[in-house]
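What follows is a single structure, written as structure tokens, with notes after it.
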Amino acid sequence: MATIEEMKAAHKIKNSWNYTWKALDKGYTDKILYINVGTSEIKEKPVPAEMKKKFIGGKGYGLRLLWDATTPTTQWDDPENEINISSGPIGGITQYSGTGKSIVVTISPQTNIPIDSNVGGFFGPFLKFSGFDAIEIQGKAEKDVILYIDGVTHKVEIYEAPIEPLDSHILAANLTEMFANDDKDKRNIGVISTGDAADHSLIGMLNFSFYDPRRKEVRLKQAGRGGIGTVLRNKKIKAVVVKIPGVKGNLNNVVDLAAIQERGKRFNREMRELDDSQAEMKSKGTVHLTNVMNDYDILPINNFKFGTSEDAHKIHSDIYKSFFTQGVPDGCWIGCNMSCTKGVDNYLLRSGPYGGSRVLVDGPEYESASSLGSIMGIFNPDFTIESNFYCDTYGICTISWGTIMGFLMECYENGILNEERTGGLKLNFGNADHAMDLLHLLAKGEGFGKIAGLGVRRLKDLFIENAWGDPQFINDIGMENKGLEYSQYVSKESLAQQGGYAMTNKGPQHDEAWLIFMDMVNNQIPTFENKAEALHYFPMFRTWFGLQGLCKLPWNDVEPESNGETDEPAKVPEHVDNYVTIYRAVTGDMSFDKHEMIRQSERVYNFQRIFNIRRGFGLRKHDAQPYRAAGPVTQEEYLSREERYDGQIKDILEIDPVGKSIEEKMEITRKYRLDQYEKLLDAVYSRRGWTKNGVPKMEHLKNLGMDLPELIDIIKDLQD
């Protein structure tokens, strides 16, 4: 491997551009950094006043810039497609937990509509501190390049970078060392990278680095969904690097720092006193959910066939805790007190190109523990930890990969795939060795790995075109919506969560609404009206985090002691008030309240819906879900919960199941559940101010102040 000096010597500067830096004002720079890697153009763009008012920051800025840069027919691999990254006005403050996020937006290779991904690490805040609210990357380079934003000398450069390795755990460390003056300066560097798999699949993801001064290691957080890493590599970008002089108390130049500090102290006390009894974030991170989900029949087993397993004790969160280094402030942003970014130190790899090496593994988090384990019928923490490492360094979305693997394994067990079609791989549930082999093949773009990297939607089409199996069965078990693979919760017994997945703008990711406990466990939203209200409020509330540069975890993973006594405990009212107070304190907008919070999100949410419509999607038919998300596809599934399903037929439908065949009972169940989902669509669309076809109504846009001519032009003929 080349040395750092050899890598630097091989760089060829394509363009260097100096800029005038000015301090932030109330959380904003009001500047956008535009880079075209095809033409090597670098320039500064002002943020229009209307864009700032209506799109706020983060995801909003990313979507607005992408709309303006593309046409309805722009493809993901066209030069005009962009990767846009922005934090938000609250992003980067260090006095309240969970403020280090950035949101990445592009046209997805998997869905052909805008994808947005919320990610931690240093890059988003550091980009702001270097002088820009967003970075807008366009074009396609001829040779591999690195983009460098120097917030110390206020210079932006594009380098040809021919010899740096792609894999993220090496590249991020190399670039951190390359651009840092000394070890202390490493904490002032943020790197975006991907890995070899992004060159060979549609599910490539981005790694955002952060430097861990206790471990003295560069660590990684992931913008995982929708193939954004694939877009980065299609543009021949190896990495984007930002450097700043350092982080100090009030770089956002907020209006009322004391108010933020007071709310931060409140939350820090809650974490200190309540985390051990509520969420165990400091000791387990999000993987504390693994056994909880199994207990409530929600943990995906064997491609979402089942929600619980007698083998789940092997992946209990206490076992993962034994792997995680304890007593370390595991935060991916400075000042965050959640300490949820757990790591497995000095882990010995057994397979692949780094076999025999000892590495730091970031995670696994809950989604990875399920994706790289139970969904494949594998209950082996070592398999999960090792495949987690390789997914990260190869640049593979763990959620998509796990759901792809669950689908492939069920297809293999049903004869749709065989060893001839897989290149000799036995992809039965539980086969950890061949699952790991396929992961390495994906990274190399070889054999069946290249096919697997197409994603569930294209795999379904391929299998059906080749007449390898029954089309309805293949579509029923292929867990994707809009082309994006499902994230890791079984939604069969929660109609609200079915909507929370399939009605999303970008595809089935739980960051819009996680309503399973409200719905199926606590029965807090029993009616269609209740469910529709929840599927209005929570997606809008959670969208707000993506406008501001915030992490969702501090909102409701640890709650105040008195939260259960409030009128709406699911909303965690005290924490909502924290965010209202912080937004006012950052921006000085004292008219802002919890209602305007939702309206801010509604503007961007409806804009994204119309963006989808502009691209030929965004209608009711695109919110359809695979039947596996709603009910039992196979007799095995039905029989595993026969008492439950028979009871529902008898008690809800008032049909006596006695004497009926399994096939008859399954058909009754299917018809009922599909009908329920259609009724849910009607209720949610009405609450959101949309037509029955899922199109925002013009009067609703006008009420929100989003009756922009370019939006009205898209929907004016779709109002019936």
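Readers should treat all values here as calculations from the given coordinates under stated rules, not as data from a laboratory. What you are looking at is a predicted structure, and each value in this text was computed from that prediction instead of being measured. Don't worry about glycine lacking a Cβ; one is built from the backbone with ideal geometry, like all the others, and counts go over all protein chains shown.
Of all DSSP-defined beta bridges confined to the range 1-148, some 80% are antiparallel rather than parallel. Compactness ratio for the range 501-715: Cα radius of gyration over 2.2 N^0.38 Å (N = residue count) comes to 1.19.
Over the chain, dividing the summed -39,500 (n - 2.57) contributions of all DSSP H runs of at least 4 residues by the number of residues returns a 222 nm mean residue ellipticity of -12000 deg cm²/dmol. Volume per residue of the convex hull around the Cα atoms, evaluated for the range 173-235, comes out as 78 Å³. A cut-off under 11 angstrom between Cβ atoms defines the neighbours of Ser371, and their net charge, with Lys, Arg +1 and Asp, Glu -1, is -3. Here's the picture: charge each Lys and Arg Cβ at +1 and each Asp and Glu Cβ at -1 in the range 280-485, and of Phe323, Ile301, Phe379 the one pushed furthest to the positive end of that dipole is Phe323.
Simple rule: put +1 on each Lys or Arg Cβ and -1 on each Asp or Glu Cβ in the range 123-203, find the dipole, and look at Ile163, Gly124, Val145; the Cα lying farthest toward the positive end is Gly124. In the chain, one over the average inverse separation of all distinct C-alpha pairs is 25.7 Å, which is the Kirkwood hydrodynamic radius. Give me the percent relative contact order of the range 501-715, please, defined on Cα pairs under 8 angstrom at least 6 residues apart. The value is 23 percent.
Rounded to whole numbers, the Karplus 3J(HN,Hα) couplings from phi for the range 198-205 are 5, 6, 10, 8, 9, 10, x, 10 Hz, using 6.51 cos²θ - 1.76 cosθ + 1.60 with θ = phi - 60°, and x at Gly and Pro. The rule of thumb for compact globular proteins, 2.2 N^0.38 Å, goes into the C-alpha radius of gyration of the range 643-720 1.73 times.
Phi angles across the range 312-320 convert, under the Karplus curve 6.51 cos²θ - 1.76 cosθ + 1.60 with θ = phi - 60°, into 3J(HN,Hα) values of 5, 4, 6, 10, 4, 4, 4, 5, 5 Hz, Gly and Pro given as x. Residues Thr691, Thr384, Thr111 in ascending order of nearby Cβ atoms (within 10 Å, fewest first): Thr691, Thr111, Thr384. Can you work out D for the range 280-485 in µm² s⁻¹ from Stokes-Einstein, where Rh is the Kirkwood radius over C-alpha pairs, the temperature is 37 °C and the viscosity is 0.692 mPa s? Estimated via Stokes-Einstein, D reaches 188 µm²/s.
The trypsin sites (Lys or Arg not before Pro) found in the range 426-481 that occupy coil by DSSP, while having at most 15 further C-beta atoms within 10 Å, are Lys426. In a simple Cβ point-charge model (Lys, Arg +1; Asp, Glu -1; nothing else charged), the range 501-715 has a dipole of about 1000 debye relative to its Cα centre.
Taken about its Cα centre, the chain carries a charge dipole of about 2020 debye when Lys and Arg each add +1 at the Cβ and Asp and Glu each add -1 at the Cβ. The per residue volume of the convex hull around the alpha-carbon atoms of the range 122-250 is 111 Å³. Trypsin sites (Lys or Arg not before Pro), restricted to the range 227-258: which are DSSP loop and have at most 15 other Cβ atoms within 10 Å? Those satisfying the criteria are Lys248. Dividing the mean sequence gap of close Cα pairs (under 8 Å, 6+ apart) by how many residues the range 280-485 holds gives a relative contact order of 17 percent. Simple rule: put +1 on each Lys or Arg Cβ and -1 on each Asp or Glu Cβ in the chain, find the dipole, and look at Asn522, Asn181, Pro554; the Cα lying farthest toward the positive end is Asn181. Among the GluC sites (Glu not before Pro) found in the range 240-310, those both in a DSSP coil and sparsely packed, with 10 or fewer other Cβ atoms within 10 Å of their Cβ, are Glu310. Of the two radii for the range 318-361, the radius of gyration is 1.08 times the Kirkwood radius, both from the alpha carbons; that is the Rg over Rh value. In this structure, the amide hydrogen of Asp511, modeled 1.01 Å from its nitrogen in the peptide plane, lies closer than 5 angstrom to no residue at least 5 positions away or on a different chain. Using C-alpha pairs below 8 Å separated by at least 6 residues, the relative contact order for the range 604-676 is 28 percent. When both bridge partners sit in the chain, DSSP labels roughly 85% of those beta bridges antiparallel. In a reduced charge model with +1 at each Lys and Arg Cβ and -1 at each Asp and Glu Cβ, the range 54-192 shows a dipole moment near 680 debye about its Cα centre.
When Ile298, Ile416, Ile662, Ile163 are arranged by Cβ crowding within 10 Å, least crowded first, meaning fewest neighbours, the order is Ile163, Ile662, Ile416, Ile298. Its Cα gyration tensor gives the range 4-243 an equivalent ellipsoid, and the semi-axes of that ellipsoid, as √(5λ) in whole Å with the largest first, are 23, 22, 18.
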